[in-house]
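Below: the structure, in structure tokens.
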Amino acid sequence: MDYVYGPGRNHLFVPGPVNIPEQVLRAMNRNNEDYRSPAIPAMTKTLLEDVKKIFKTTSGTPFLFPTTGTGAWESALTNTLSPGDRTVSFLIGQFSLLWIDQQQRLNFNVDVVESDWGQGANLEILASKIAADTTHTIKAVCIVHNETATGVTNNLATVRKILDHYQHPALFLVDGVSSICALDFRMDEWGVDVALTGSQKALSLPTGLGIVCASPKALEASKTAKSVRVFFDWKDYLKFYNMGTYWPYTPSIQLLYGLRAALDLIFEEGLDNVIARHTRLAKATRHAVEAWGLKNCTQKDEWFSDTVTAVVVPPYIDSSEVVRRAWKRYNLSLGLGLNKVAGKVFRIGHLGNLNELQLLGCLAGVEMILKDVGYPVQLGSGVAAASAYLQNSMPMIPSRI
Ligand code: PLP
């Protein structure tokens, strides 16, 4: 017996892991294969080429690690930096906090720029640090593109502008775990040196692939970076790329077939359409939050995230209770508030393979839960605001025009 059984579908609205489309599930439902046969290297070759498209890079080199976002972080750092190297990193929420913790445990000298949770990275402070660093002690600027804990998106183009303005050679390392394939992300144009994501977010796959993409400058840095690395060493991958066999150790065959199917779906919809869909779903969600009379945790419009909305509840409500009820009563999974914002916010994830009517189901659920926990919401108000917006802004489904 499945003790968590609930009739119908679970409405999965945590900001990752997200819904896996049927096509991807079916593509992964297959036996193991010999990864040394000609088939897997041939498929890997096309996957690596196609993965570059979601990073918007032609010059980058991608790596598909059997890991999660955390492993992808470690790969980005250890391949490019040496112990003692100075990094500048922004603390704005739980995931940037965890990345900073990893940087410290890997013995980098982390210059932490802290902001209130709900604010974006303080790029004015970055500019002053970069301006003052005439001897180039800063080896890398590390930034989380989209802070999943607070629903804050940072402006990466500005980071690049700052580095260019001062002709500073620091590497530009970007966590794109809850952004790549959902938000506008341009690795080459923004001069990102290492970008990374995890399969369970916008790619809508199971957890288990950490996708890292390195610029030529990052590959060059990896030749002299002294951090200890074994499992995540790019050198091992590059050796097997050159041999045409691609894998230094056993890949997850099923995840590779899943990635193929996931990319096919994204390209069929069109990456720019996928990104526009995320913008639409996010705006609809924000309309609903406003109609409920609640606040977005994100303090300024310029930082609004199009993949996750953190909703602030009034002080007399415990947001964990909202999440508990959502699951127990409505078969709806919402994101908890983490760390500093625990109990204060709940999160609606609107990323991955998701459509407008699914979102409206979630918003209807949230309204009922808010009423359950004693918040005086008018049932239907958020759904009405979101659907009025969607009805005006939804295009035809690209593949059905
Ligand atoms: N970075 C961001 C922005 C995340 O949202 C997450 C997880 O949610 C991570 C990193 C860590 O990824 P993982 O849990 O796959 O290790």
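Under a model in which nothing but the beta-carbon of Lys, Arg (+1) and Asp, Glu (-1) is charged, the stretch 1-156 shows a dipole of about 480 debye around its Cα centre.
Let's see if you can work this out: charge +1 on each Lys and Arg Cβ, -1 on each Asp and Glu Cβ, no other charges. What is the dipole magnitude of the chain about its Cα centre, in debye to the nearest 20? Please report the intermediate quantities before stating the final value.
Working: 38 positive and 37 negative charges, 81 e Å.
Here the size comes out at about 380 debye.
With r defined as the distance between the Cβ atoms of Lys226 and Arg105 and R0 fixed at 22 Å, what FRET efficiency is calculated, to the nearest 0.05?
Values: r = 16 Å, r/R0 = 0.74.
Taking R0 as 22 Å, the efficiency between Lys226 and Arg105 is 0.85.
Evaluated on the stretch 61-134, the Kirkwood hydrodynamic radius is 13.5 Å, with distances taken between all distinct Cα atoms.
Take each uninterrupted DSSP H stretch in the chain, measure its Cα extent along the helix axis, and return the ones at 20 Å or beyond whose mean Kyte-Doolittle hydropathy is at least -1.0.
Working: long enough: 39-55 (25 Å, 0.44); 253-269 (25 Å, 0.84); 271-291 (30 Å, -0.30); 356-372 (24 Å, 0.89).
Result, helices passing both filters: 39-55, 253-269, 271-291, 356-372.
Annotation: aspartates and glutamates with alpha-carbon distance below 18 angstrom to Lys223 (same-chain offsets under eight excluded): Glu74, Asp85, Asp193, Asp233, Asp236.
Alpha-carbon geometry of the stretch 7-161: the Rg and the Dmax are 19.3, 63 Å, given in that order. How large is log10 I(q)/I(0) at q = 0.22, 0.25, 0.26, 0.29 Å⁻¹ when the Debye formula is applied to the Cα atoms of the stretch 334-401, each weighted equally and without solvent? The calculated log intensity ratios at q = 0.22, 0.25, 0.26, 0.29 Å⁻¹ are -1.06, -1.19, -1.22, -1.30. Obtain the nm distance between the two label points defined at Asp164 and Glu321 by a simple spin-label model: each point lies 7 Å from its Cα along the Cα-to-C-beta direction. With each label placed 7 Å out from Cα toward Cβ, I get 5.2 nm.
Considering only Trp247, Val230, Pro169, and ranking their Cα positions along the charge dipole of the stretch 151-264 that arises from unit charges at the beta-carbon of Lys, Arg, Asp and Glu, the one farthest toward the positive end is Val230.
I'd like the FRET efficiency for Arg30 and Asp301, computed as 1/(1 + (r/R0)^6) with the beta carbon distance as r and R0 of 30 Å, rounded to 0.05.
Details: r = 45 Å, r/R0 = 1.51.
FRET efficiency, Arg30 to Asp301: 0.10.
Binning the alpha carbon pair distances of the chain at 20 angstrom intervals from zero yields the distribution 28, 56, 16, 0, expressed in whole percent.
The C-alpha atoms of the stretch 1-80 occupy a region whose extents along the principal axes are 47, 32, 23 Å, arranged from largest to smallest.
How many percent of DSSP beta bridges within the chain run antiparallel, rounded to 5?
Working: 21 of 44 bridges.
So the antiparallel bridges in the chain amount to around 50 percent.
With both labels modelled 7 Å from their Cα along Cα-to-Cβ, the Ile401 to Glu114 distance reads 4.9 nm.
Measuring from a point 7 Å past the Cα of Met243 along Cα-to-C-beta, which residues in the stretch 13-35 have an amide N at less than 14 Å? Only 35 fall inside the zone, counting backbone N under 14 Å.
List the relative contact order of the chain as a percent without decimals, with contacts defined as Cα pairs under 8 Å and 6+ residues apart. Working shown, then result.
Working: 790 pairs, mean separation 90.5, N = 401.
This gives 23 percent for the chain.
Among Leu98, Gly16, Val341, whose Cα lies farthest out toward the positive end of the dipole of the chain, if unit charges sit on the beta carbon of Lys, Arg (+1) and Asp, Glu (-1)? Comparing the listed Cα positions along the dipole, Gly16 ranks first. Placing R0 at 30 angstrom, the Cβ-Cβ distance between Asn355 and Glu290 gives a FRET efficiency of 0.85 after rounding to 0.05. For the chain, the 222 nm mean residue ellipticity estimated from helices alone, with every DSSP H stretch of n ≥ 4 adding -39500 (n - 2.57) and the total spread over all residues, rounds to -13000 deg cm²/dmol. In straight-distance terms, cross-link reach from Lys53 covers every one of the lysines whose alpha-carbon lies under 24 Å from its own, apart from those fewer than eight places away in the same chain; here that gives Lys45, Lys161, Lys201, Lys217, Lys235, Lys239.
Checking every one of the chymotrypsin sites (Phe, Trp or Tyr not before Pro) in the stretch 243-291 against DSSP loop status and a limit of 13 other Cβ atoms within 10 Å picks out Tyr249. Direction-averaged projected area, Cα convex hull, the stretch 130-252: 9.2 nm², rounded to one decimal.
What is the dipole size for the stretch 74-226, taken about its Cα centre, with +1 at each Lys and Arg Cβ and -1 at each Asp and Glu Cβ, in debye to the nearest 20?
Details: 11 positive and 16 negative charges, 68 e Å.
With Lys and Arg at +1 and Asp and Glu at -1, about 320 debye.
With the alpha-carbon atoms of the stretch 231-331 aligned to their principal axes, the span from lowest to highest coordinate is 61, 30, 28 Å, starting with the largest.
Distance between the pseudo-spin-label points of Ser381 and Asp188 (7 Å out from Cα toward the beta carbon): 4.9 nm. In percent, rounded to a whole number, the relative contact order of the stretch 170-218 is 36, using alpha-carbon pairs under 8 Å and six or more apart.
Here the Gaussian network model covers the chain, with springs between Cα atoms less than 10 Å apart; of Pro216, Pro248, Pro315, Pro315 fluctuates the most. Taking the inverse of the mean reciprocal distance over all distinct Cα pairs, the Kirkwood hydrodynamic radius of the stretch 257-401 comes to 15.9 Å.
All of the numbers you see were taken from the coordinates with simple rules; none came from a lab. Source: prediction; values computed, not measured. Ideal geometry is used to build each Cβ from the backbone, glycine not excepted, and the neighbour counts take in all protein chains shown.
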